[in-house]
Amino acid sequence: MRFDLNIKDFNTINEFWAFIIQHDKWYLKYSPHNTKGIDNYLPQLEPWIINQTNDLRKKMDFSYDDYVKVIEWDNWLIRADMAKSKKFNRNKAFKFKQFCFACKKEISFFQRYPKCICRACVDETTDLQGRKVEFFNTEALGHGCQGYYSGTNQTEKYDTNTCYLNGNEYFAKEARFGGIVIQVKE
Ligand SMILES: [Zn+2]
């Protein structure tokens with residue numbers, strides 16, 4: 001395996017981390033998987049990583065593709081914590097945070113949907129003309145996604161997954177474990 005960085009090339013772990021995050025989209029440049037010796041510093045890096053990725057989730061100026069690189073850092077902590085060897089236990093005081101794309105309120109952490117919106121904002125989504133819409137699964141077990149105009153008891157169909165809120169375009173889709181998730185369009 002080829003490593004881009006070696007922890008040994010830095011005087012301290014603080015120096016290493018300062019180096020990592022000096023660039024704007026540092027997560028596109030560096031990964032824990034190609035940094036040699038990094039596994040020895042899990043407890044030190046944990047709060048710094050979570051603080052950084054929480055900050056990124058708050059600002060949300062990454063693309064969905066870029067976000068895959070962001071969560072490599074989170075997952076490095078999560079996987080080490082789940083490893084049988086138990087050399088590292090997550091400090092649960094450091095919490096992964098996520099925010100509603102529309103109102104910025106803190107919501108549950110859904111790693112898969114970094115730019116989704118909260119329940120209250122979902123209720124405010126409309127068609128292009130400003131008429132409220134709602135989305136439901138079409139099948140049992142939470143599959144499928146069909147839009148309707150709100151207040152029509154699912155009789156008047158809204159035949160697109162695109163919806164709008166405060167001038168932004170969103171898309172609805174079935175969530176991985178059932179229900180509907182609404183995310184901003186790129
Ligand atoms: Zn919201």
Report summary line: In the range 148-185, anything part of a loop (DSSP other than H, G, I, E, B), open to solvent by less than 30 Å² (accessible area, probe 1.4 Å) and not small (Gly, Ala, Ser) is listed as Thr152
Report summary line: Those residues of the range 28-57 that are open to solvent by 70 Å² or more (accessible area, probe 1.4 Å) and in a strand (DSSP E or B) come to a total of 1
Report task. Give me the pairs, please: first residue somewhere in the range 114-141 and among the aromatic types (Phe, Trp, Tyr), second residue anywhere and within 16 Å of the ligand (Cβ to nearest atom), beta-carbon distance under 8 Å, and either six or more positions apart or on two chains. Result -> Phe135/Cys163; Phe135/Ala172; Phe135/Ile180; Phe135/Ile182; Phe136/Ile180
Report summary line: Exactly one of Cys145, Cys100 is within 16 Å of the ligand (Cβ to nearest atom) and open to solvent by less than 90 Å² (accessible area, probe 1.4 Å), and that one is Cys100
Report summary line: Note on the range 25-77: residues among the charged types (D, E, K, R) and within 18 Å of the chain's Cα centre (by Cα) are Lys25, Glu46, Asp55, Arg57, Lys58, Lys59, Asp61, Asp65, Asp66, Lys69, Glu72, Asp74
Query raised in the report: Which pairs do you get when a residue that is at negative phi, found in the range 147-164, comes within reach of a residue that is open to solvent by 80 Å² or more (accessible area, probe 1.4 Å) and among the hydrophobic types (A, V, I, L, M, F, W, C), reach meaning Cβ atoms under 8 angstrom, with the pair 6+ apart or on two chains?
Result: Tyr164/Leu128
Requested in this report: Only residues that are surrounded by 20 or more Cβ atoms within 10 Å (Cβ to Cβ) and within 15 Å of the ligand (Cβ to nearest atom): list them for the range 125-136, please.
Outcome: Thr125
Requested in this report: Can you work out which of the residues in the range 104-124 that are more than 8 Å from the ligand (Cβ to nearest atom) and in contact with a helix residue (DSSP H, G or I) (Cβ under 8 Å, 6 or more places away or on another chain) is farthest from Val184 (Cα to Cα)?
Outcome: Gln111
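The values are calculated or read from the model by the stated rules, or taken from the named source; none is laboratory data. These numbers were taken from a predicted model, which means no experiment stands behind them. For neighbour counting, all protein chains shown are included, and Cβ atoms are generated from backbone atoms with ideal geometry for every residue, glycine included. To get the accessible areas, we keep the full protein, side chains included, count just its heavy atoms, and leave off ligands, DNA and RNA. Shrake-Rupley method; radii C 1.70, N 1.55, O 1.52, S 1.80 Å.
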